[in-house]
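Q: Got a structure for you, questions after.
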Amino acid sequence: MTILNTVLNTIILNTKALKKFSPITLLNATVLSAMFISACQPSNEPNQKTANDAKTNELKNTAQAKQVDKACLSLSTSMRAINHESKVEALEQVNQLLKDCVTLVDNAQQLKWIDETTSMYERFFAHELTDAKQMAAFDEYGLSILEAKQGDALDQPVVKGDQKIFKTLSPRDQYLMNQQDKAYIELHYQGEGMFQYRRSPAYIKAIFAEALPEDQRVFVTRMAQDNDALFFNDAAIAISWAEMVDRALFWENYLQKYPQSHFKADAKKLFEEYQYFIFFGSDNTPVSDEFAPDTWIDENALGHIKALAKRQDTALAEPAKKFLTFIKTPVNERMKKYPVEPKDRDGYEKSSYTIAREQLRKVLNLSDPWDSSSDSYRDCHADGICVMWQQ
């Protein structure tokens, strides 16, 4: 630019001298000056190329976005097309689309898709066995897997069972068994020698969690963690009392932190279930038989209940205190203090075991989560969300 300034200054300072030249000479001088100035300017070609590349990329991205948007709009239709004859590749395609689309829609649509994926997997797994041998072979093959895993009831890692039994399975079962670990497909041990296919509890977290509001993300993340392994096994609780207390406290805190959560009702159900099991246990892992002085009581359970009674940061402290008072009350004093009907609906005398549990439920104001006249039950211990189970 220094040379350019010099030239311009020279032209200006010598205006009088230039007047002596002819118009043609002046024109030539002007043209030469313009050419010189133009040559000194930076080229626009690289900038133009960058702009063209950016425009091309923008058009490509727009086209791709339109394709994604179109696929997103038809996602519900794609999910409804999945059934018991579908291949695993169809599931994988839908799941990839869900990942691509879930951040592009509002929360109402996200929740709708979550429900639709549950129905989609139910249809994918649904097939009726009418052949008695094939029906028997299904559980036999599952048991052979347990044997190969030396009794480990975890769904992961995937292990093959007895191949002779495998060959007697229905064609669809053979196909599904070979798809384990793909598209979140698992063969799940339910306990008592029974098996079922299920969607991995990690599915909702993996596909939806990052796009969900905090309260929903926390819910599905915890569900994926807790439901990875069995909660019940042969009518026995398969986790420790320490873990049970931890889960109850977690859901109590969740309800306090997210009082308006979409999953509020399910979180409340989980809290109440774990609270009940802390004080009562289950059929094959009871806290006690009689809940009375000088009778058997699980020391591990009792230790955690005593610890809860001393806490000041949980609503579980109050029922824990009442529990400790109840088990100190002699049996012959209880009927006056905690009256219940001594006979059942059919007029038969109730056992001391039944009476003690009824009295304790009344004292603690807790209801048995399995005591329902409904034909359906909302199961919160098998998936990444709570799902309806039909009897």
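The values are calculated or read from the model by the stated rules, or taken from the named source; none is laboratory data. Keep in mind that what you see is a predicted model, and the values were worked out from it rather than measured. Methodologically, a virtual Cβ is constructed for each residue, glycine included, from the backbone with ideal geometry; neighbour enumeration extends over all protein chains shown.
Q: Spot the failing condition for Gln190; the list is (1) under 15 Å from Cys380 (Cα atoms); (2) at pLDDT 95 or above; (3) outside the structural domain of Asp283 (by TED's automatic domain parsing), and only one is missed.
A: Going through the list (1) under 15 Å from Cys380 (Cα atoms); (2) at pLDDT 95 or above; (3) outside the structural domain of Asp283 (by TED's automatic domain parsing), Gln190 breaks only (2).
Q: Has segment 196-212 got any residue that is over 19 Å from Thr117 (Cα atoms), of a type in the set (A, V, I, L, M) and either modelled with pLDDT under 95 or under 19 Å from the mean Cα position of the chain (by Cα) (or both)?
A: No, because not a single residue in segment 196-212 is over 19 Å from Thr117 (Cα atoms), of a type in the set (A, V, I, L, M) and either modelled with pLDDT under 95 or under 19 Å from the mean Cα position of the chain (by Cα) (or both).
Q: Restricting attention to helices (runs of 4 or more DSSP H) lying wholly within segment 303-391, give those where 2 or more residues are β-branched (Val, Ile, Thr).
A: 352-364
Q: Tally time: how many residues in segment 227-241 are more than 16 Å from Val287 (Cα to Cα), surrounded by fewer than 19 Cβ atoms within 10 Å (Cβ to Cβ) and of a type outside the set (S, T, N, Q)? Write out each step before concluding.
A: Start the filter on segment 227-241 by keeping residues that are more than 16 Å from Val287 (Cα to Cα), which leaves 227-231, 233-234.
Add one more test, that the residue is surrounded by fewer than 19 Cβ atoms within 10 Å (Cβ to Cβ), and what stays is 228-229, 233-234.
After this cut, where a residue has to be of a type outside the set (S, T, N, Q) as well, the list is 228-229, 234.
Here the count works out to 3.
Residue by residue, here is whether (1) in the same structural domain as Lys337 (by TED's automatic domain parsing); (2) within 22 Å of the chain's Cα centre (by Cα); (3) small (Gly, Ala, Ser); (4) modelled with pLDDT of 95 or more holds:
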residue	(1), (2), (3), (4)
Phe250	yes, yes, no, yes
Lys257	yes, yes, no, yes
Phe291	yes, no, no, yes
Ala320	yes, no, yes, yes
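Matching residues to (1) in contact (Cβ under 8 Å) with a residue 24 or more places away in the chain; (2) among the charged types (D, E, K, R):
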residue	(1), (2)
Met223	yes, no
Asn227	yes, no
Asn233	yes, no
Ile239	no, no
Phe250	yes, no
Lys264	no, yes
Phe280	yes, no
Trp296	no, no
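Q: Filter segment 242-289 down to residues that are closer than 14 Å to Ala315 by Cβ and of a type in the set (S, T, N, Q) and give me whichever is surrounded by the most Cβ atoms within 10 Å (Cβ to Cβ).
A: Gln275
Q: Confirm whether Asp371 is assigned by TED's automatic domain parsing to the domain that holds Arg222, without any contact (Cβ under 8 Å) to a residue 12 or more places away in the chain and closer than 22 Å to Lys268 by Cα.
A: Criteria met by Asp371.
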